[in-house]
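> The structure under discussion is supplied below as C-alpha coordinates; questions concerning it will follow.
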Amino acid sequence: AGIGKCVALDLARRNARTILACRSRERGQAAVEEIRAATGNPAVLLRLVDTSSMASVRAFAQAVLQEEKRLDVLVNNAGLTGLPFTITPEGLEKTFATNYLGPFLLTNLLLG
(Lines give C-alpha, C1' and ligand atoms only; values in the text may rest on other atoms or scores of the structure.)
Protein backbone atom coordinates (compact mmCIF):
# COMPACT_ATOMS: atom_id res chain seq x y z
CA ALA A 1 0.00 0.00 0.00
CA GLY A 2 1.02 3.64 -0.14
CA ILE A 3 4.39 4.74 -1.45
CA GLY A 4 5.68 1.20 -1.98
CA LYS A 5 2.74 0.27 -4.15
CA CYS A 6 3.09 3.50 -6.16
CA VAL A 7 6.78 2.80 -6.76
CA ALA A 8 6.04 -0.79 -7.79
CA LEU A 9 3.32 0.44 -10.16
CA ASP A 10 5.70 2.93 -11.76
CA LEU A 11 8.45 0.33 -12.19
CA ALA A 12 5.98 -2.15 -13.70
CA ARG A 13 4.75 0.55 -16.11
CA ARG A 14 8.36 0.88 -17.26
CA ASN A 15 8.25 -2.86 -18.04
CA ALA A 16 10.61 -3.73 -15.20
CA ARG A 17 10.54 -7.15 -13.59
CA THR A 18 9.14 -6.07 -10.24
CA ILE A 19 9.23 -8.05 -7.00
CA LEU A 20 6.85 -6.99 -4.26
CA ALA A 21 8.34 -8.05 -0.94
CA CYS A 22 5.40 -8.24 1.46
CA ARG A 23 4.55 -9.57 4.91
CA SER A 24 0.98 -10.47 4.01
CA ARG A 25 0.36 -13.00 1.24
CA GLU A 26 -3.24 -11.83 0.81
CA ARG A 27 -2.54 -8.10 0.60
CA GLY A 28 0.58 -8.69 -1.49
CA GLN A 29 -1.22 -10.90 -4.00
CA ALA A 30 -4.01 -8.34 -4.32
CA ALA A 31 -1.42 -5.64 -5.06
CA VAL A 32 0.34 -7.87 -7.62
CA GLU A 33 -2.92 -8.54 -9.45
CA GLU A 34 -3.89 -4.85 -9.40
CA ILE A 35 -0.48 -3.78 -10.75
CA ARG A 36 -0.48 -6.48 -13.46
CA ALA A 37 -3.97 -5.41 -14.56
CA ALA A 38 -3.07 -1.70 -14.58
CA THR A 39 0.20 -2.14 -16.48
CA GLY A 40 -0.17 -5.29 -18.55
CA ASN A 41 3.19 -6.38 -17.14
CA PRO A 42 3.10 -10.09 -16.20
CA ALA A 43 6.55 -9.85 -14.57
CA VAL A 44 5.20 -8.53 -11.26
CA LEU A 45 5.95 -11.08 -8.56
CA LEU A 46 5.17 -11.57 -4.90
CA ARG A 47 7.80 -12.73 -2.42
CA LEU A 48 7.14 -12.89 1.30
CA VAL A 49 9.43 -11.28 3.86
CA ASP A 50 9.05 -9.91 7.37
CA THR A 51 11.75 -7.30 7.93
CA SER A 52 11.31 -7.58 11.70
CA SER A 53 12.74 -11.12 11.43
CA MET A 54 16.38 -11.37 10.47
CA ALA A 55 15.82 -15.05 9.59
CA SER A 56 13.07 -14.03 7.17
CA VAL A 57 15.30 -11.34 5.65
CA ARG A 58 18.13 -13.85 5.19
CA ALA A 59 15.82 -16.39 3.55
CA PHE A 60 14.35 -13.74 1.25
CA ALA A 61 17.78 -12.47 0.20
CA GLN A 62 19.03 -16.00 -0.46
CA ALA A 63 15.99 -16.73 -2.64
CA VAL A 64 16.42 -13.50 -4.61
CA LEU A 65 20.11 -14.20 -5.19
CA GLN A 66 19.29 -17.71 -6.41
CA GLU A 67 16.30 -16.79 -8.58
CA GLU A 68 17.36 -13.50 -10.14
CA LYS A 69 20.20 -12.90 -12.60
CA ARG A 70 20.58 -9.31 -11.44
CA LEU A 71 19.08 -6.67 -9.21
CA ASP A 72 19.19 -3.12 -10.49
CA VAL A 73 17.04 -1.24 -7.97
CA LEU A 74 16.16 -1.95 -4.35
CA VAL A 75 13.51 0.17 -2.64
CA ASN A 76 13.45 -0.35 1.12
CA ASN A 77 10.01 0.89 2.06
CA ALA A 78 8.91 -1.29 4.99
CA GLY A 79 7.98 0.58 8.08
CA LEU A 80 5.71 0.74 11.04
CA THR A 81 5.05 3.05 13.92
CA GLY A 82 2.87 3.34 16.97
CA LEU A 83 3.15 -0.24 18.15
CA PRO A 84 3.54 -1.01 21.83
CA PHE A 85 7.06 -1.97 22.87
CA THR A 86 7.60 -5.52 21.59
CA ILE A 87 10.64 -7.78 21.46
CA THR A 88 10.97 -10.13 18.49
CA PRO A 89 11.85 -13.81 19.00
CA GLU A 90 15.40 -12.82 18.01
CA GLY A 91 15.58 -10.38 20.93
CA LEU A 92 15.23 -7.17 18.94
CA GLU A 93 12.81 -4.31 19.51
CA LYS A 94 10.21 -4.80 16.75
CA THR A 95 9.93 -1.25 15.39
CA PHE A 96 13.72 -0.85 15.21
CA ALA A 97 14.11 -4.28 13.59
CA THR A 98 11.38 -3.60 11.01
CA ASN A 99 12.34 -0.05 10.10
CA TYR A 100 16.15 -0.19 10.30
CA LEU A 101 17.84 -3.49 11.02
CA GLY A 102 15.91 -5.60 8.51
CA PRO A 103 16.34 -3.21 5.57
CA PHE A 104 20.01 -2.68 6.47
CA LEU A 105 20.64 -6.42 6.55
CA LEU A 106 18.71 -6.96 3.32
CA THR A 107 20.67 -4.29 1.48
CA ASN A 108 23.98 -5.73 2.63
CA LEU A 109 23.02 -9.31 1.75
CA LEU A 110 21.94 -8.28 -1.76
CA LEU A 111 25.07 -6.24 -2.49
CA GLY A 112 26.92 -9.44 -3.36
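The values are calculated or read from the model by the stated rules, or taken from the named source; none is laboratory data. Given the structure is predicted, the values throughout are model-derived calculations rather than measurements. For neighbour counting, all protein chains shown are included, and Cβ atoms are generated from backbone atoms with ideal geometry for every residue, glycine included. Protein only, heavy atoms only, side chains kept; ligands, DNA and RNA dropped before computing areas. Shrake-Rupley method; radii C 1.70, N 1.55, O 1.52, S 1.80 Å.
> By average Cβ neighbour count within 10 Å, what is the ranking of 14-25, 85-96 from highest down? Intermediate values should be presented prior to the final figure.
Values: 14-25: 16.8, 85-96: 12.7.
Put in order of decreasing packing, that is 14-25, 85-96.
> Considering only protein heavy atoms and a probe of 1.4 Å, how much of the accessible area of the stretch 3-111 is carbon and sulfur, as a whole percent? Write down the numbers at each step before the final one.
Working: 3870 of 6990 Å².
That fraction is 55 percent.
> Separate question: What is the sum of charges, Lys and Arg at +1 and Asp and Glu at -1, for the other residues whose Cβ falls under 13 Å from the Cβ of Ser24?
Numbers: positive: Lys5, Arg23, Arg25, Arg27, Arg47; negative: Glu26, Asp50.
Residues close to Ser24 contribute a combined charge of +3.
> A further question on this structure: Rg and Dmax of the chain, Cα atoms, in Å?
Spelled out, the Cα radius of gyration and Dmax of the chain are 14.3, 43 Å.
> While we're here: Report, in degrees rounded to the nearest 10, the 0 to 90 angle that the Cα long axis of helix 2-13 makes with the longest principal axis of the chain.
It is inclined by approximately 30 degrees.
> Quick one: which residues, 5+ away or cross-chain, put their amide H under 5 Å from the amide H of Leu45? H built at 1.01 Å from N.
So Leu45 has HN proximity to Thr18, Ile19, Leu20.
> Evaluate the relative contact order of the chain (contact order divided by residue number), counting alpha-carbon pairs under 8 angstrom at least 6 apart; express in whole percent.
Once divided by the residue count of the chain, the mean separation gives 24 percent.
> Relative to the longest principal axis of the chain, what angle (0 to 90°, nearest 10) does the C-alpha long axis of helix 25-39 take?
Long axis of 25-39 versus the principal axis of the chain: about 30 degrees.
> Could you work out [θ]222 nm for the chain from helices alone, using -39500 (n - 2.57) per DSSP H run of at least four and dividing by all its residues? Round to the nearest 500 deg cm²/dmol. Walk me through the numbers before you get to the answer.
On the way: 4 runs with 50 residues, N = 112.
Counting only the DSSP helices, I get -14000 deg cm²/dmol.
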